[in-house]
Amino acid sequence: MKFNNLNLSGLDQSEDTRSFNSKLFQRALDPLLKSNTPFKRFYKTDIKSGKYQLIAIEHQGTTDGQTWLPQSRVQYTYKKKLLIKSLYQEYRPNTSEWIHSFQLMYVYQAVNLLKKTTSQFWDDEKKVWVNQHEILYDYDTQERIKAATHLLWNDNPDGWKNSYKEVYQYGNSGLLLELDKFSFRDETWIPDSRHIYRYGSNNNLKSETIQQRQAGSTRWVNFFRHCYLYNLNNQKTKEVFQTWNYESSRWLNNTQTIHIYAQKTGELVGLRFQQWNKETEGWSNETQYLYTYYSEKLLKKFLIQSWLDETNSWLDAHRSRYIYDTGGRILEEYFENKFDEWAIEYAEFYTYDKNGNLQLVLTRHKGERVETLLDAHKTLYFYKLIH
């Protein structure tokens, strides 16, 4: 059973209801949601007032569209408005009881910076929690993350053991310049890889170079890198991924992503993915994502197209459509595949409580022998009032 993670910037959907196509949709949306283009994200917590805390998310399923059975849930515990525990459970229909699966516990410093995260899994035979993974966070005087140390639990005999860590280095401007990764071997920290960041005008990230430590030496060897270009509006226009060729000691193109913007509004309207063709020494189209918006800059339609070399044209493959209420909250999503005609694969419908909090996401799939959508899954959200 898979659980959906609590995204502090929004509520993600349950993975156990996602088909391959829907996961593809979400991956395609990620660059848009993370871009620096002005965009109202529709996966939002809907607790803008700060008066309510999300205390539980429960997933339910049905096979006949009438009888709903719990599947999994996550419960959140807070202390002074800080999340201190996430408890994940699975439902056993044969005994009608909730069984622990795993939990995440959070400890904070005095300034509310996360100090430690501990994950434990439930041993149902022994009825005890077993330590699994722990992360210790260290910060500099400006409250920037300086190091994250990962430890794994070893019952016999040592308890927590160092595993690996990340160390962050910043420049005078406050920008991240280097991320170093170490593994713990023979009671010492051994460098494994490092990420080197370089910036251009307006502090835009120009490149990220990943290097690995050459075995048996202190020499760093190039591995791969990302290069970025921007327009005059500081919008990313191109991302090129390159791999290092050891024989020729030079960077070789691999893939690139072209960002396309509307001239009048500056909105991101497309992402085009291309593969480097060694034979022609040029870029070949692979896939592209197209975005259209309502006048309120809310995403209206998202289209995935594949490139056909035979016809030298783009072919529609998948699309999603979004409907909102007057307040900009998502109400309906339709995920469709293109065969001879567009056909709905599934749809999701959103309901909010009187306080404006997201209360229910109902997933309906197309039946095999009927054209109507059938109830398949629902996700329930529970809140408490902060006093």
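Have a look at 40, 44, 23, 48 and point out the one that is within 30 Å of residue 112 (Cα to Cα), under 16 Å from the mean Cα position of the chain (by Cα) and at pLDDT below 85.
Just a single option satisfies the conditions, and that option is 44.
Consider residue 334 carefully, then state whether it is assigned to a strand (DSSP E or B), of a type outside the set (Gly, Ala, Ser) and in contact with a His (Cβ under 8 Å, 6 or more places away or on another chain).
No, not satisfied.
For the range 323-331, check the following and say yes or no: at least one residue is in contact with a His (Cβ under 8 Å, 6 or more places away or on another chain) and assigned to a strand (DSSP E or B).
no
Enumerate the pairs (first residue in the range 94-122 and modelled with pLDDT under 95; second residue anywhere and part of a loop (DSSP other than H, G, I, E, B) and surrounded by fewer than 17 Cβ atoms within 10 Å (Cβ to Cβ)) with beta-carbon separation below 7 Å, excluding pairs fewer than 6 apart on the same chain, so at least 6 apart or on different chains.
The qualifying pairs are 111/143; 113/143.
Taking the residues in the range 304-354 that are aliphatic (A, V, I, L, M) and more than 21 Å from residue 378 (Cβ to Cβ) as candidates, determine which candidate is modelled with the lowest pLDDT.
This residue is 343.
Do any strands (runs of 3 or more DSSP E) entirely within the range 100-197 hold 1 or more residues that are of a type outside the set (Asp, Glu) and under 26 Å from residue 221 (Cα atoms), and if so, which?
145-154, 159-170, 176-185
So, of the residues in the range 273-311 that are within 23 Å of residue 337 (Cβ to Cβ) and surrounded by fewer than 11 Cβ atoms within 10 Å (Cβ to Cβ), which turns out to be nearest to the chain's Cα centre (by Cα)?
Looking at residues that are within 23 Å of residue 337 (Cβ to Cβ) and surrounded by fewer than 11 Cβ atoms within 10 Å (Cβ to Cβ), I get 309.
Would you call residue 184 surrounded by 13 or more Cβ atoms within 10 Å (Cβ to Cβ) and either over 26 Å from residue 254 (Cβ atoms) or at pLDDT below 95 (or both)?
When the stated conditions are applied, residue 184 passes them.
What do you reckon, is residue 172 free of Cβ contacts under 8 Å to residues at least 60 places away in the same chain, out of contact with any helix residue (DSSP H, G or I) (no Cβ under 6 Å at 6 or more places or on another chain), more than 30 Å from residue 134 (Cα to Cα) and surrounded by 16 or more Cβ atoms within 10 Å (Cβ to Cβ)?
Spelling it out, it is not the case that residue 172 is free of Cβ contacts under 8 Å to residues at least 60 places away in the same chain, out of contact with any helix residue (DSSP H, G or I) (no Cβ under 6 Å at 6 or more places or on another chain), more than 30 Å from residue 134 (Cα to Cα) and surrounded by 16 or more Cβ atoms within 10 Å (Cβ to Cβ).
Determine whether the range 244-257 contains at least one residue that is touching a Leu at 6+ places or on another chain (Cβ under 8 Å), more than 30 Å from residue 150 (Cβ to Cβ) and surrounded by 14 or more Cβ atoms within 10 Å (Cβ to Cβ).
yes
How about the range 248-282: which of its residues are farther than 21 Å from residue 207 by Cβ, free of Cβ contacts under 8 Å to residues at least 40 places away in the same chain and not basic (Lys, Arg)?
260, 262, 263, 265, 269, 270, 277, 279, 280, 281, 282
Would the range 71-86 turn up any residue that is modelled with pLDDT of 95 or more, part of a strand (DSSP E or B), within 27 Å of residue 189 (Cβ to Cβ) and out of contact with any helix residue (DSSP H, G or I) (no Cβ under 9 Å at 6 or more places or on another chain)?
no
Can you tell me which residue is farthest from the chain's Cα centre (by Cα) among those in the range 89-123 that are among the small types (Gly, Ala, Ser) and surrounded by fewer than 13 Cβ atoms within 10 Å (Cβ to Cβ)?
96
With respect to residue 212, determine if the residue is without any contact (Cβ under 8 Å) to a residue 12 or more places away in the chain, surrounded by fewer than 18 Cβ atoms within 10 Å (Cβ to Cβ) and either not in a loop (DSSP other than H, G, I, E, B) or not hydroxyl-bearing (Ser, Thr, Tyr) (or both).
no
The values are calculated or read from the model by the stated rules, or taken from the named source; none is laboratory data. These numbers come from a predicted model, not from an experiment. Cβ sites come from the backbone with ideal geometry, for glycine too, and all protein chains shown count toward neighbours.
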